[in-house]
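Data block below; observations after.
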Amino acid sequence: MTDNRTAIVTGAGSRRGIGQGIAHALAAQGWNVAVLDIDEASAKDTANALTEAHGVAAVSAACDVTDKSAVDAAVSTVEELLPAIGALVNNAGITSPVPFAEVSDAEWDRVFEVNVRGSYLMTKRVVDGMASRGFGRIVNLSSVSAERGGGVFGGVAYSAAKAGLLGFSRALARELGPAGVTVNSVAPGLIDTDITAGKLDPEHKAAMVADIPTRRAGRVEDVADVVAFLCRPESSYLTGVTYDINGGSHIH
Ligand code: NAD
């Protein structure tokens, strides 16, 4: 039963993004959903669409996941308005294709702040409540870049940050297993969203698709289905795992 529980999805504002796809997949399973995004207007649009499409309770909150007080305030709002938090999907992320020779300290920090610190702050804020209730599902959005060393759109900083999330998930899975909280990762390959913001030219994209055994880019639903599966109460024996969602572009 998920209708008495709430799932938080960060970065779920982006209209064509993976996060809103995850939010819809969770709402379709009956979860109440909290949409957190740095872009307040888009978060609100997603929350409205969730209630309209699935009849669940959904709220939105403006939240920069790198800002501890913003994270605290947003989660407090969710706790006031919706049933107990049962799932957290750390989806908010930014990419960076900058080659290592050109990476500035600021760029390195920016990529780690959102992808790693943001996931840490969100998790830290919700995890005690989950553990005290004896139920929780945490899913972190890693990337195939973490496993194969870039190759989609991510450079060294992005690959390192997303690999950091794999270690974070696995170590946390060990600590939280006894409390009924699972922690897993998904590692998507090339998924058709706006994260590359027009920076991936059509020839480059076509060459990448030609190299994918399934001969297509991934869809947000491909990722959303797996995340929703990992959040089910029945998925309680899956923890510390990484699900590859890449059309076979990285088989290892
Ligand atoms: P997207 O750019 O479409 O969406 C990202 C969302 O995160 C946006 O709504 C943005 O406003 C939000 N966001 C960014 N910084 C934030 C912050 N500091 N605080 C709160 N929200 C913030 O990206 P997407 O393609 O949907 O990617 C979603 C996740 O999946 C990311 O973690 C990304 O690294 C990962 N991923 C994407 C791909 C891909 O090919 N699209 C592949 C592997 C992994």
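The values are calculated or read from the model by the stated rules, or taken from the named source; none is laboratory data. Model, not experiment: these values are computed from the prediction. Counting neighbours? That spans all protein chains shown, and the Cβs are built from the backbone with ideal geometry, glycine included.
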Item to check | Answer residue from the range 1-11, given it is assigned to a strand (DSSP E or B) and away from the ligand (no atom under 15 Å from the Cβ) and is nearest to the chain's Cα centre (by Cα) among those | outcome: Ala7
Next on the checklist: Among the listed residues Arg148, Arg133, Arg117, identify the single one that is in contact (Cβ under 8 Å) with a residue 12 or more places away in the chain, under 29 Å from Ser69 (Cβ atoms) and buried (at least 16 other Cβ atoms within 10 Å of the Cβ).
Outcome noted: Arg117
Next on the checklist: Go through (1) more than 10 Å from the ligand (Cβ to nearest atom); (2) within 13 Å of the chain's Cα centre (by Cα); (3) surrounded by fewer than 24 Cβ atoms within 10 Å (Cβ to Cβ) for Ser14 and report which single condition fails.
Outcome noted: (1)
Next on the checklist: Can you tell me which residue is nearest to the ligand (Cβ to nearest atom) among those in the range 79-94 that are touching a helix residue (DSSP H, G or I) at 6+ places or on another chain (Cβ under 7 Å) and among the aliphatic types (A, V, I, L, M)?
Outcome noted: Ala92
Checklist entry - So which of Leu82, Leu141, Leu88 ends up being aliphatic (A, V, I, L, M) and more than 17 Å from the chain's Cα centre (by Cα)? => result Leu82
Item to check | Which numbered condition Asp194 fails, given (1) of a type in the set (Asp, Glu); (2) part of a helix (DSSP H, G or I); (3) at pLDDT below 95 | outcome: (2)
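For (1) over 14 Å from the mean Cα position of the chain (by Cα); (2) at pLDDT 95 or above; (3) farther than 30 Å from Thr6 by Cβ; (4) crowded, with 19+ Cβ neighbours inside 10 Å, each residue gets a yes or a no:
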{"position": "Lys162", "(1), (2), (3), (4)": "no, yes, no, yes"}
{"position": "Leu165", "(1), (2), (3), (4)": "no, yes, no, yes"}
{"position": "Ala207", "(1), (2), (3), (4)": "yes, no, yes, no"}
{"position": "Pro213", "(1), (2), (3), (4)": "yes, yes, yes, no"}
{"position": "Cys231", "(1), (2), (3), (4)": "no, yes, no, yes"}
Item to check | Subset of the range 17-46 that is within 13 Å of the ligand (Cβ to nearest atom) and part of a loop (DSSP other than H, G, I, E, B) - its residue that is surrounded by the fewest Cβ atoms within 10 Å (Cβ to Cβ) | outcome: Asp39
Next on the checklist: Take the residues in the range 175-220 that are more than 10 Å from the ligand (Cβ to nearest atom) and touching a helix residue (DSSP H, G or I) at 6+ places or on another chain (Cβ under 6 Å); name whichever of them is farthest from Ala161 (Cα to Cα).
Outcome noted: Ala179
